[in-house]
Amino acid sequence: MKLDRMLGILNILLQYDRVTAPFLAQKFEVNRRTINRDIDALCQAGIPIVTHQGAGGGISIAEGFKLDKNIFTAGELSGIVAALKGIGSVSEQAGIERTLDKLGASSSVAQPISIDLASYYKEDLTAKIEPIKKAIQGQQVIEFDYYYSKGKSRRRIEPYIVVFQWSSWYVFGYCLERQDWRMFKLNRLWELCVTGETFAMREIPPERRDFDSHFVDDIHLAALFNHAEKYRLIDSYGPDGFHETEEGLYFEFPFTNRGHLVSWLLSFGANVKVLKPLYIVDDIRTAAKDILTNYET
């Protein structure tokens, strides 16, 4: 466990210019004394770690240090490069290139896997992820407009982790308005501001570290799809995500967002029949009527 933690600390130090001991202690769920021992062990292993005192101080790796790539196998180094380039698709490339340089790696390293975590909104994502990362490192509150099913609200949170989950980016933190841990989708987050207001790190309850728990699947859909839609179901849920019958493809799955579910079902047109819950059938009828009304007007 100690070795895994030391490698994790080294990875963080290679990614960030400077971090604090409390940040590392919270990240790895140990006390500061343990972090200090790990830092000493890394120094004894030949990693030139520098500590900075005073305001804005912290822990960093000496400028110009390069990690000997011979400690990795070719496959391990290829995986690291692919992962870093994936992060680089939504991050400032200069920081990624600096990390690759420290690893002694280059873009010429064989990469059988290419990872691109960006989307159509790449520039907007980068403009959000970078200041959030800096706010997390500096333990500063962020403020933003957030759009959701009930409209828009201004939120202030203590940010802890930037999360890539279910093909979307989120920031996980403590919401000061709700006085609880929350996940906020970056595509719905706008007018972001790093306030400069600092906060003391809170202990994240173990059950809230399971990010899947923040997505409550309380809509249990059962539907029958036309055989022609088999490729779409496989694309999203795999070949075992449904049962083939003479009547069609029987599909049963829990969903979180009612509005998104209705939009998804509407995209199949007449090639799907919802069996339950019946309120989703009512939602589809209402949405279809609204669409027809818009065209009639």
For segment 158-297, alpha-carbon Rg and Dmax in angstrom: 19.6, 62
Karplus-derived 3J(HN,Hα), 6.51/-1.76/1.60, for each residue of segment 218-235, Hz, glycine and proline x: 9, 10, 9, 8, 10, 8, 10, 9, 5, 4, 5, 9, 4, 5, 6, 5, 5, 4
Segment Asn271-Phe164, length gained on full extension (0.36 nm per residue, minus Cα span): 35.3 nm
Among the listed pairs Lys152/Lys230; Lys150/Lys185; Lys150/Lys276, those beyond 27 Å (Cα-Cα): Lys152/Lys230
Of Gln137, Thr195, Ile157, farthest towards positive along the dipole that unit charges on Lys, Arg, Asp, Glu beta carbons give segment 122-210: Ile157
Calculated FRET efficiency for the pair Asp240/Asp282, C-beta based, R₀ 30 Å, to 0.05: 0.50
√(5λ) per eigenvalue of the Cα gyration tensor, segment 228-278, largest first, Å: 17, 13, 12
Amide H contacts under 5 Å for Trp169, placed H, 5+ residues apart: Leu186, Asn187
Ranked list, fewest to most other Cβ atoms within 10 Å of each Cβ, for Tyr170, Tyr295, Tyr250: Tyr295, Tyr250, Tyr170
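We did not get these values from a lab; they are worked out from the coordinates using the rules stated. This one's a predicted model, so the numbers in the text were calculated from it and none came from an experiment. Cβ sites come from the backbone with ideal geometry, for glycine too, and all protein chains shown count toward neighbours.
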